[in-house]
Structure formats: C-alpha cells, structure tokens
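The values are calculated or read from the model by the stated rules, or taken from the named source; none is laboratory data. Since the structure is predicted, the reported quantities are computational estimates derived from the model, not experimental observations. Glycine also receives a Cβ, built like all others from the backbone with ideal geometry; neighbour counts cover every protein chain displayed. Note: areas computed on protein heavy atoms with side chains; ligands, DNA, RNA excluded. Shrake-Rupley method; radii C 1.70, N 1.55, O 1.52, S 1.80 Å.
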Amino acid sequence: DIIQSFPEAKLDEKYVEEIEKNYKTVESRVWNRLGIVRNVIQEKPNNPVYNSLRERVERLVIKWKERPKEIEKIYKELKDVFRDFIFIESQKSKYNLSDEEFSILSTLRNRIKLENEEELAKKVKEFYNSLNLPKDWKAKKTLRSEVMQKIKIFLIKNFPQIKGEERDEVAKEIIQAL
C-alpha cells in the first residue's frame, strides 16, 4: 500500500532538474544537487570507482567555500559529477552487476585491452559469485589470504598478459574493491 502511495522515482538528470525548477537561486540548486550526490555516493562501497566521485565532490565543496563567487562553475562541475554517477550506474545495470562486481570490472577495464566487455562482465560475475564471501571475511586474516589467492588464480587463468608486480597491484585493487 505504501509503495503504491509513494512510487519509486528514478534518480536521473531529468528527475533532479525537475526538482531544481523549484529552487530560485543557483546556491539552492547547488545545495540540492550536493545533497543528492553526497547521499547516493556515500551509500556506495569504498572502491576506486566511487572514491574518485567522492573526491571530486569534496574538492567542489572546498572550492565553493574558498571561492563562493564561482558558484555557476561549481554547479556545472557538480552536474558533471552527477552525470558520471548516472553513467556508472547505467553501466552496472547494463551487465546486471553489483557494486563489487562493477568495481572488479572497472579495475580490469583500466588494465587490459578489452575485446568483449560483455564477456568480461560474465567472467567477473561468475568469479565474484564463486568467492561466496561471508560478511566478516575482511576481519579474518586467513580468509583475506584465501581471497587474495583466488583473485590471483582468476587473473592468471583469464588474463595471462597481466604478470608479476602488475598482477599483484591489480589483485590488491580488486580486494580493496570487495
């Protein structure tokens, strides 16, 4: 009954702009957009994909405090951050990936030449599901070591072009994304 009374709104640029029509000043639109962006990004896991967005938002907050006269420019940059977030979410949806799976995909996408991203997304999804991670796995050193070993085996089997130190770096990025 509540769901029918309050249907779920799709958070996209059009929706946010519709809300912002009610705001008279650029400052109030910045506050609105900043609140939305901070809240949706804050709920995301601590990984490179979302951390870069968080850093951009925090830089804009600092910029706004230091140079309030540049509000129009800050608003434009904030809109860009929001569009990037929506794009990331659409990419995740395209392959039906969780935040963690998408983070693994993004890490690999940055390190290897892709021939078939859809195939890579399937491999990542299968791999992540095979990990079967318990909630507190990060707190247990032996589990962390096992996960790191599984990640390296995954990389060796599927991406032999990633070797040595680079493989270790990629494995660390992936484990951080989980």
Every residue in segment 70-91 that is farther than 18 Å from GLU13 by Cβ and open to solvent by less than 40 Å² (accessible area, probe 1.4 Å), please. ILE71
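To keep it simple, each residue is scored yes or no on (1) in a loop (DSSP other than H, G, I, E, B); (2) touching a Leu at 6+ places or on another chain (Cβ under 8 Å); (3) within 15 Å of ALA177 (Cβ to Cβ); (4) at pLDDT 90 or above.
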| position | (1), (2), (3), (4) |
| --- | --- |
| ASN96 | yes, no, no, yes |
| ARG109 | no, yes, yes, no |
| GLU115 | yes, no, no, no |
| LYS125 | no, yes, yes, yes |
| SER130 | no, no, no, yes |
| MET148 | no, no, yes, yes |
| ILE151 | no, no, yes, yes |
| PHE154 | no, no, yes, yes |
Restricting to segment 41-50, name every residue that is within 22 Å of GLU13 (Cα to Cα), assigned to a helix (DSSP H, G or I) and open to solvent by 30 Å² or more (accessible area, probe 1.4 Å). GLN42
Please go through segment 55-69 and pick out each residue that is part of a helix (DSSP H, G or I) and open to solvent by 60 Å² or more (accessible area, probe 1.4 Å). GLU55, ARG56, GLU58, ARG59, ILE62, LYS65, GLU66, PRO68, LYS69
Any residue at all in segment 160-178 that is touching a residue at least 12 places away in the same chain (Cβ under 8 Å), crowded, with 17+ Cβ neighbours inside 10 Å, in contact with a Phe, Trp or Tyr (Cβ under 6 Å, 6 or more places away or on another chain) and farther than 30 Å from VAL30 by Cα? no
Unique residue being free of Cβ contacts under 8 Å to residues at least 24 places away in the same chain, under 30 Å from VAL30 (Cα atoms) and under 17 Å from the mean Cα position of the chain (by Cα) when the list is SER93, SER106: SER93
Selected residue (only one of LYS113, LYS141, LYS135 is closer than 30 Å to GLU58 by Cβ, without any contact (Cβ under 8 Å) to a residue 12 or more places away in the chain, open to solvent by 90 Å² or more (accessible area, probe 1.4 Å) and more than 13 Å from the chain's Cα centre (by Cα)): LYS135
Taking segment 156-178, which residues are farther than 22 Å from LEU97 by Cα, part of a helix (DSSP H, G or I) and more than 21 Å from the chain's Cα centre (by Cα)? ILE156, GLY164, GLU165, GLU166, ARG167, ASP168
